[in-house]
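**Student:** Here's a structure for you.
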Amino acid sequence: MSLRELDYRLSKTMLSINRTKELLNNQSISDKKAEKIRDSFRMLAEIIFEKWYEEKMKARQKFYPQTYVLLSKANIVQLKRC
């Protein structure tokens, strides 16, 4: 997947500035501030997801010790030992 495709996919799932203001229940904040808040929450969500995924894979490793999992933001690849 190219960087352009990834950027396009992320933009489709990202909240709009207006939706961010609605969720904050504050239409008076500037677009720039709403954008910063939205981006900060997106980064926080990515960190939380990655931590959850790591813990899930560690737990899975106990049950399936022959499986190795590599995690990246763009792709999740699963490798099995032969």
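**Student:** Suppose we filter the stretch 33-63 for residues that are β-branched (Val, Ile, Thr), farther than 23 Å from residue 22 by Cβ and surrounded by 13 or more Cβ atoms within 10 Å (Cβ to Cβ); how many remain?
**Tutor:** Residues meeting the conditions: 0.
**Student:** Moving on. When you check residue 72 against the structure, is it loosely packed, with under 12 Cβ neighbours inside 10 Å, modelled with pLDDT of 90 or more and of a type outside the set (Asp, Glu), yes or no?
**Tutor:** Taking the combined requirement at face value, the residue does not satisfy it.
The values are calculated or read from the model by the stated rules, or taken from the named source; none is laboratory data. Computed from a prediction, not measured in an experiment: that's the story for all the values here. Cβ atoms come from the backbone with ideal geometry, glycine included; neighbour counts cover every protein chain shown.
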